[in-house]
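Notes follow the structure.
The values are calculated or read from the model by the stated rules, or taken from the named source; none is laboratory data. Computed from a prediction, not measured in an experiment: that's the story for all the values here. Note: ideal-geometry Cβ built from the backbone for every residue, glycine included; neighbour counts use all protein chains shown. With ligands, DNA and RNA removed, areas are computed over all heavy atoms of the protein, side chains included. Shrake-Rupley method; radii C 1.70, N 1.55, O 1.52, S 1.80 Å.
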Amino acid sequence: MSMRTQGLVLGPSSSSPIQNPKTPTFLTPPTYFSSAKRVWLKSNYSFSSHSILLASTNLRHRNCVVKTEHKVVSDIEEDNLKSKVRRKNLAVFVSGGGSNFRSIFEATLNGSVHGDIFVLVTNKYDCGGAEYARVKGIPVILFPKNKDAIEGLSTEDLIVALRSYKVDFILLAGFLKLIPTELVRAYPKSILNIHPSLLPAFGGKGYYGMKVHKAVIASGARYSGATIHYVDEHYDTGRILAQRVVPVLADDTAEELAARVLHEEHKLYVEVVAALCEERIIWREDGVPLIQSKENSNDYR
Ligand code: GRF
């Protein structure tokens, strides 16, 4: 078995840039998907084991202590609130290990994100993120076209593919290629990136991976962190949506700082994607995006 066909679940031909599609037809969105915790009957309807469990718990506890009943009712209210908002279709772009992709994927399964990852896009066929997607049965698209033997999609074809999956939002999670203008224009205010520094510091072309953390330490900055921002035609210059701060310790190595930042990235990206899928992003008059708090609708961050 060649490297290209290894791990494919339903791959069409080994030369297709779309690996592991949910349906054998090129560019057709998936109509069913199953995992240990969740079964999709159609792309827009899903039942989680969690909600089934809550329903039966509610019946069993109908005449029990108020405290228990309140908890169950408030969980159900939250489910009802979410069900008024359509579940979103997500695409994640990766070039590396894909730990952010994994944490978002897990959050879609455990109910903390009101959306589903329909497709993974990568420029590196055998990166950790792509391998993980194949194991989980998520279609993998190679993008862009490159000089290697492995062919990727053109930007035009990628947009057609994303449309066919009815993708609402694109999440860059360690994708090292610049997003072409046509794609930025095709998905206005719908593409997010995560960067491992407090932008606008230590961002831009050349600031990726350990280079970011080495530069932070060398600068003497006492704080670093993660930034999630909207994507424009340049590296790391789009509107900032959320940030999380971590300390830089006196004896930090770049690896130690990277691990501290990455730990926060996983939590921050899930929180932001949850807000995105629940339509809690509000644009201030001057163009700054804010996140509306889940607990208090008058609170924006
Ligand atoms: C993260 O540090 C992210 O901020 C940056 O690339 C890294 C990706 O890590 N854009 P992973 O592939 O999600 O583990």
Log entry, pairs with first residue in the stretch 123-138 being farther than 15 Å from Ala91 by Cβ and open to solvent by less than 30 Å² (accessible area, probe 1.4 Å), second being at pLDDT 95 or above and more than 14 Å from the ligand (Cβ to nearest atom), beta carbons closer than 9 Å, six or more apart or on different chains, reads Tyr125/Val140; Tyr125/Leu142; Arg134/Val140
Requiring at least 1 residues that are within 16 Å of the ligand (Cβ to nearest atom), the helices (runs of 4 or more DSSP H) wholly within the stretch 98-188 are 99-110, 128-136
Turns out the strands (runs of 3 or more DSSP E) fully within the stretch 223-283 with at least 3 residues that are touching a residue at least 40 places away in the same chain (Cβ under 8 Å) are 223-230, 240-247
Of the residues in the stretch 203-233 that are within 15 Å of the ligand (Cβ to nearest atom) and open to solvent by 80 Å² or more (accessible area, probe 1.4 Å), the one that is nearest to Ala173 (Cα to Cα) is Tyr208
Matching residues in the stretch 189-200 (surrounded by fewer than 17 Cβ atoms within 10 Å (Cβ to Cβ) and within 16 Å of the ligand (Cβ to nearest atom)) number 1
